[in-house]
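I have placed the structure first, in the form of structure tokens, so that the comments after it can refer back to it.
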Amino acid sequence: MFISSLCFGQINSVIIDSESLEKVPYVNIWVENENIGTTSNQQGEFELNLKEPHVIVFSAIGYETRRIQSNSIINIVELKASITALDEVILSANKQDLELTIGNFKKSKINHYFACGTTPWITARYFPYQKNYKKTRFLDRIKILTNSDIRDAKFNIRLYSVNEDGEPDKYIYDKNIIGIARKGKKLTEIDLSGLNIEFPDKGFFIAIEWLIIDDNLYEYNYTKQDSNKKLKRISYEPSFGTIPSVTDENSWIYTQGKWRRVWKKNSGAWDKSENKYSLLAIELTLTN
């Protein structure tokens, strides 16, 4: 009984590429159907505390998603690189003398944010393709409103295609795109110009992934409601600005090892966001 409880109590392991045997950093790790998760660090290492056996979901850019029973995880978890079949394309010069910006927002008007607490959420916004994008098909840069209580908080950008059900599907870029959020309320820009990614005809998702790593940890004190007792709480930075939307069709969240539509905001706050859905504040610039 004692040995069994130890096995279920804590998992310490490292994630590696099944072919190259190189360590895989920033893997999104969830306990399936539970609000428990973490992220592998830059050395591919992770730690997870469990009270009983569960299915663990491992998701990383460029790798096949893997589900493993927790009691079978010992020292190493292997991930297999995904093979993406690309359509035939015609290469053309990236001139960058035309620009088009979509998803404009005003920083001063935003006071609501997505935050993750202690679990590695991914939140995604869908950008549909429009005919007027034809002359500016390349993704050039994105701007995201971030709010961080620490300096230089790291987060990951994932770019997904869309499936028949309208949810995030396959990666359209198979490497991590790491963003750095400075302390405070900032417009954080991520340069995509060197990746030569074209806007897909069916549209695509820009997804933001929180990284549950030591560099992003923020510890603070708060006073319990209806009490003078002070408690400690931790979160993983940064948080990301949102704008209110009357529909949930363009906003998705990855939690408990699966994608689901964002829920309606109902916090009791009487403002423009009440009873609406939260959509990531992302400004996307296209070029030719």
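Every read-out reported here was derived from the displayed coordinates using simple, explicitly stated rules and does not represent laboratory data. Just so it is clear, the model here is predicted, and its values are computed rather than measured. Heads up, the Cβs are rebuilt from the backbone with ideal geometry, glycines too, and the neighbour counts pull from every protein chain shown.
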Q) Most exposed first by the Cβ proxy, i.e. fewest other Cβ within 10 Å, how do Ile177, Ile243, Ile15, Ile83 rank? A) Ile83, Ile177, Ile243, Ile15
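List Ile208, Ile150 from most exposed to least, where exposure is judged by having the fewest other Cβ atoms within 10 Å. If you can, show how the numbers build up before the last one.
Numbers: Ile208 24, Ile150 17.
Ordered from fewest to most neighbouring Cβ atoms within 10 Å, Ile208, Ile150 come out as Ile150, Ile208.
For the chain, what class follows from the C-alpha gyration tensor (a ≥ b ≥ c being the square roots of its eigenvalues): rounded when a/c is under 1.5, otherwise prolate if a/b is larger than b/c, else oblate? Let's see the in-between values first.
Values: a/c = 1.90, a/b = 1.22, b/c = 1.56.
In terms of gyration-tensor shape, oblate.
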Q | Candidate lysines for bridging to Lys134, where Cα separation is under 20 Å - those fewer than 8 sequence places away on the same chain excluded | A | Lys95, Lys202
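Using a 10 Å cut-off around each Cβ, can you sort Trp259, Trp210, Trp121 from fewest to most neighbouring Cβ atoms? Can you show the working numbers first?
On the way: Trp259 18, Trp210 29, Trp121 21.
Placing the least packed residue first, the sequence is Trp259, Trp121, Trp210.
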Q: Run the dipole for the chain about the Cα centre, Lys and Arg Cβ at +1, Asp and Glu Cβ at -1, nothing else charged, and hand back the magnitude in debye, nearest 20.
A: 1280 debye
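Assuming R0 = 30 Å, what is the FRET efficiency of Asn228 and Ile74, from their Cβ-Cβ distance, to the nearest 0.05? Don't jump to the answer; show the numbers that get you there.
On the way: r = 47 Å, r/R0 = 1.56.
With R0 = 30 Å, the Cβ-Cβ based efficiency is 0.05.
Rounded, prolate or oblate: which fits the range 93-133, taking a ≥ b ≥ c as square roots of the Cα gyration tensor eigenvalues, rounded meaning a/c under 1.5, else prolate when a/b beats b/c?
Because a/c hits 1.5 or more and a/b exceeds b/c, the range 93-133 counts as prolate.
Mind ranking 275-287, 223-235, 49-61 by how tightly packed they are, going by the mean number of other C-beta atoms within 10 angstrom, highest first? Before the final figure, lay out each step's value.
Values: 275-287: 20.4, 223-235: 9.2, 49-61: 17.7.
Highest mean packing first, the order is 275-287, 49-61, 223-235.
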Q | Spacing of the two label points (7 Å from each Cα toward its C-beta) at Glu198 and Asn176, in nm | A | 3.0 nm
Q | Whichever aspartates and glutamates have a C-alpha closer than 13 Å to that of Lys232, once near sequence neighbours (fewer than 8 apart) are set aside | A | Glu219
Q | Per-residue HN-Hα couplings for the range 103-117 [Karplus 6.51, -1.76, 1.60; θ = phi - 60°; Hz; x = Gly/Pro] | A | x, 4, 8, 9, 4, 5, 8, 9, 10, 10, 9, 8, 10, 10, x
Q) By the gyration tensor of its Cα atoms, with a ≥ b ≥ c the square roots of the eigenvalues, what is the shape of the range 146-221: rounded for a/c under 1.5, prolate for a/b over b/c, or oblate? A) prolate
Q | Under 14 Å from the Cα of Lys186 - aspartates and glutamates, other chains or at least 8 residues apart | A | Asp149, Asp152, Glu237, Glu283
Q) Which entries in Lys131/Lys265; Lys107/Lys265; Lys154/Lys224 show an alpha-carbon gap greater than 25 Å? A) Lys131/Lys265; Lys154/Lys224
Q: Calculate the dipole size of the range 2-79 relative to its Cα centre from +1 charges on Lys and Arg beta carbons and -1 charges on Asp and Glu beta carbons; express the result in debye to the nearest 20.
A: 180 debye
Q) Between Asn104 and Asp169, what is the FRET efficiency for a Förster distance of 30 Å, r being their Cβ-Cβ separation, to the nearest 0.05? A) 0.65
Q.
Through the Karplus equation 6.51 cos²θ - 1.76 cosθ + 1.60, θ set to phi - 60°, convert the phi angles of the range 213-229 into ³J(HN,Hα) values in whole Hz; use x for Gly and Pro.
A. 10, 4, 4, 9, 6, 10, 10, 8, 9, 9, 9, 5, 4, 6, 7, 8, 6
Q. Which trypsin sites (Lys or Arg not before Pro) does the range 110-179 hold that lie in a coil by DSSP with at most 13 other beta carbons within 10 Å?
A. Lys134, Lys135, Arg151, Lys175
